[in-house]
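For reference, the structure discussed in these notes is given below.
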Amino acid sequence: MELKDNLNKVLEEIEQARRHSVTGQEVRLIAVTKTHEAEIIKEITNLGIKDVGENKVQELKDKIGKLGNIVNYHMIGNLQTNKVKYIYNKVEMIQSLDRIKLAEEIEKRAEADNICVNCLVQINIGDEDTKSGIEYCKTLSFIYDLLDFKHISIRGLMAIAPNTSDEKYLRSLFRKMFKMKEKISNENFEGLSMDYLSMGMSSDFKLAIEEGSNMVRIGSKIFGKRIY
Ligand SMILES: *Cc1c(COP(=O)(O)O)cnc(C)c1O
């Protein structure tokens, strides 16, 4: 019951924020199930959730192995190049594309299978040493380089905001992300879309949505504190 209540509360808050947002766009909810048992994914699919996010390849692989395709899986964590092979053809989206080396590996695998892998470009919006993602100011040149990869479909941008309660600062960062998304959209690059701006977690998703996010990744607010 608690899970259902938590989820309903989150959905309500998403809807409320959407109504006050700069775009008014629908928001896609990614339920972040990291550290929780695979069983919980079954429970939330029964509650209507269609997308889950995991930040570790091993855990993602295990859960896909157990559950199969009952839900769309999103890789949202730092991805090592040598682990691409375990997930590239099983996920809905890789949200953490932030290096050319990683793009080369995804491209190589996808080309061999003749498939296209959806990716978001991750930006280190707070300029934090501890976070992955490319530097904000290098986004456009990175995107230019990615245009060569015909088996990677860039679908938008992703960011993890710094852990702070400074709303003004957070809003300014989310706004910068939105600006970048618009800027890239306006370039009309062939084979590239800016459908998604993935930003906002349990602590900051309302601000993120108001500033133009249309994909939020929420864990603890739905599932409670993580087990480890
Ligand atoms: C864990 C995680 C989230 C969700 O965090 P919560 O604070 O539990 O909502 C979102 N995005 C990424 C990349 C994560 O690793």
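Only the coordinates and a few stated rules stand behind these numbers; no lab work does. It should be emphasised that the depicted structure is a prediction, and the values quoted were computed from it without experimental measurement. Here Cβ is always computed from backbone atoms with ideal geometry, including for glycine, and neighbour counts include all displayed protein chains.
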Within the stretch 28-69, name every residue whose backbone N is under 13 Å away from a label modeled 7 Å from Cα of Asp195 along the Cβ vector.
28
Sorted by chain and number, the residues with a modelled amide H under 5 Å from that of Ser153, at a separation of 5 or more or across chains, are Val117, Asn118, Cys119
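So if we plug the beta-carbon distance of Lys4 and Gln80 into 1/(1 + (r/R0)^6) with R0 = 25 Å, what FRET efficiency do we get, rounded to 0.05?
E(calc), rounded to 0.05, equals 0.10.
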All-pairs alpha carbon distance profile, the stretch 97-185, 10 Å steps from 0, percent:
16, 46, 27, 9, 1
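Taking the Cβ of Leu140 as the centre, find all other residues whose Cβ is under 9 Å away and add up their charges (Lys, Arg: +1; Asp, Glu: -1).
Numbers: positive: Lys138, Lys183; negative: Glu187.
After counting each charged neighbour, the total is +1.
Tell me, what is the percent relative contact order of the stretch 2-223, built from C-alpha pairs under 8 Å that lie six or more residues apart? Show your work: numbers first, answer last.
Working: 407 pairs, mean separation 49.4, N = 222.
That works out to 22 percent.
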Length gained when the stretch Thr23-Asn186 is fully extended (0.36 nm per residue, less Cα-Cα span):
57.1 nm
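Grab the other residues whose beta carbon is less than 11 angstrom from that of Gln16, score K and R as +1, D and E as -1, and report the net.
Numbers: positive: Lys9, Arg18, Arg19, Lys206; negative: Glu12, Glu13, Glu15, Glu210.
Here the count lands on 0.
So if we plug the beta-carbon distance of Thr35 and Glu12 into 1/(1 + (r/R0)^6) with R0 = 22 Å, what FRET efficiency do we get, rounded to 0.05?
E(calc), rounded to 0.05, equals 0.30.
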Could you bin all the Cα-Cα distances of the chain into 10 Å bins starting at 0 and give me the percent of pairs in each, rounded to whole numbers?
8, 34, 38, 19, 2
Anchor Lys131: lysines whose Cα lies under 17 Å away (excluding residues fewer than 8 positions away in-chain)
Lys56
All other residues with a Cβ under 14 Å from the Cβ of Lys168 taken together, and with Lys, Arg as +1 and Asp, Glu as -1, what is their net charge?
-2
All aspartates and glutamates inside 14 Å of Lys181 as judged from Cα atoms, apart from same-chain residues fewer than 8 positions distant:
Asp195, Glu211
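Okay, helix-only estimate at 222 nm for the chain: each DSSP H run of n ≥ 4 adds -39500 (n - 2.57), divide by all residues, round to 500 deg cm²/dmol; what do you get? Don't skip to the answer; put the middle values down first.
Working: 9 runs with 94 residues, N = 228.
Result for the chain, helices only: -12500 deg cm²/dmol.
Which ordering of Thr45, Thr130 is given by a fewest-first count of other beta-carbon atoms within 10 Å? Numbers along the way, then the final one.
On the way: Thr45 16, Thr130 8.
Least crowded to most crowded, the residues run Thr130, Thr45.
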